1. For region 230-247, name all the residues that are more than 22 Å from the chain's Cα centre (by Cα), crowded, with 16+ Cβ neighbours inside 10 Å and not hydroxyl-bearing (S, T, Y).
2. On the given criteria, is G403 touching a residue at least 40 places away in the same chain (Cβ under 8 Å) and either closer than 20 Å to S172 by Cβ or β-branched (V, I, T) (or both)?
3. How many residues are touching a residue at least 40 places away in the same chain (Cβ under 8 Å) and either at positive phi or out of contact with any Asp or Glu (no Cβ under 8 Å at 6 or more places or on another chain) (or both) when one looks only at region 109-134?
4. Does I354 satisfy the condition of being in contact with a strand residue (DSSP E or B) (Cβ under 9 Å, 6 or more places away or on another chain) and hydrophobic (A, V, I, L, M, F, W, C)?
5. Across region 169-194, what is the total count of residues that are part of a helix (DSSP H, G or I) and either at pLDDT below 80 or not hydroxyl-bearing (S, T, Y) (or both)?
6. Among the residues of region 365-399, count how many are buried (at least 24 other Cβ atoms within 10 Å of the Cβ), over 21 Å from the mean Cα position of the chain (by Cα) and among the β-branched types (V, I, T).
7. Take the conditions in contact with a Pro (Cβ under 8 Å, 6 or more places away or on another chain) and not in a helix (DSSP H, G or I) and apply them to A379. Does it pass?
8. Among the residues of region 255-278, are any in a helix (DSSP H, G or I) and hydroxyl-bearing (S, T, Y)?
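The values are calculated or read from the model by the stated rules, or taken from the named source; none is laboratory data. Here the structure is a predicted model, which means the values were calculated and not measured. With ideal geometry, Cβ positions are generated from the backbone for all residues, glycine too; neighbour counts draw on all protein chains shown.
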Amino acid sequence: MPEQPDPPPPAGGGPTLREVLLHRGYLRLLLVAVLVGVPISLVAFGFVTLEHELQHWVWESLPDAAGYDRAPWWWPLPALLLAGLLIAPVVTRLPGRGGHVPVDGLGGAPSLPRDVPGVVLAALAGLPLGAVLGPEAPLMAIGGGLALLAVRAARRAEQPRLVPVLGTAGASAAISTIFGSPLVAAVMMIEAAGLGGPQLVALILPCLLASGVGALVFTGFGHWTGLATGALSLPHVPVSGTPDPGDFLWGVPLAVAVAVVCVAGQTLGRRVKAFTAGGTGTGPSARRTAVRTVGCALAVGCCIAGYALLTGRSPAEAALSGQATLGALAADPAAWPVGALLALVLGKTLGWGIALGSLRGGPIFPAILIGAALGVACAPLPGLGTAPALAAGLVAAGAATTGLPVTSTVLATMLLGGQAANAMPLLIVAAVTAFITGELLRGRTTRSRDRAPAPTP
């Protein structure tokens, strides 16, 4: 056969896929992605293990030592007050201000290496003490910042395109197992980047390599040490059959309702962020930010304590990121009265919304619990059922909160395990419905804010 000519370059004049893959610098980047995945995974393993052990000590060991069979209703108040006191100096004095404000999502530029200590301190000060946030955002910031340590600052300045790729690969390695699968981390990074063509491949390969290596190291250390990390998982889920018309009849409005609740929490978070925003250092603006941060943390504690008072249940169910409560809910939905589930949705959403704008952590884990709880609360509706309601609720919350419907569907598939095949049509419909609803609601909120008159001085 005659030799085929090389394909013509893209119309935009950019490099072809073959040119990207064979470029010497890109091949070196792939090697770096593999190499940095190992130390980043070890650091991430240490971080999540320490966070999990501190959480266990605060919410189980300490109440037991004080003579309680479980944390009393008032337990979140001093715990969150302490969290606010510890986080306030981090967000006003340390470089990077403890990481991204959670209501801004998981995007943004990768954290610089000098920002990593503040991210670690803010996360360990808030997450174990009951902040209604997840560990995914701190892990991504830690992974991205550490990955950039592999490249000298001078080279980062000379090659600015290297920073987002390597930072994203480091973030993928750090969160490769906290979502239950390295595939979820890679898909999240790809969908969030919004790229296509050669650019997509150039980003996906370092992410996949770093995620795979990170998951291998993370899982190996977990088995070797026997330490728990609190990864998002559902060991037991309700058995589901093939979705019927009733599941879709209720699943679509359920997805809309979950999206409304999640966007309401995010809207509250944006207002709280505006309330706590201020300067850094030791000036009046910084002191105001510190005081308001402490006040917001205490308000989160009040939301959690209110849930415990209303239901007579443990406040730990509404506190923290929600992995343990989600597992308990999926394993035994019948143990949760509808009133307790609605109280959980209310208390968790209010605490989550306040924490989104004032504390430091990730927005995804609590949102998934909120969606799952609202779904199970709607399960008694005629023709719905627990399994499809749980599936629709958790995937809708992920899609509405992150704006990443594909990532949310993949995550829900991983969580549901063997039941995912039957639930897949409903998962896709609920994810798309919640995504569209969330985008419409956020667009309306933005337009209303833009039309609002400027405050008079």
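1. Selection gives P238, P243, D247.
2. Details: touching a residue at least 40 places away in the same chain (Cβ under 8 Å): yes; either closer than 20 Å to S172 by Cβ or β-branched (V, I, T) (or both): yes.
It is true that G403 is touching a residue at least 40 places away in the same chain (Cβ under 8 Å) and either closer than 20 Å to S172 by Cβ or β-branched (V, I, T) (or both).
3. Total meeting the criteria: 14.
4. No; evaluated as a whole, the condition is false for this residue.
5. Within region 169-194, residues that are part of a helix (DSSP H, G or I) and either at pLDDT below 80 or not hydroxyl-bearing (S, T, Y) (or both) number 17.
6. Within region 365-399, residues that are buried (at least 24 other Cβ atoms within 10 Å of the Cβ), over 21 Å from the mean Cα position of the chain (by Cα) and among the β-branched types (V, I, T) number 1.
7. Yes, satisfied.
8. yes
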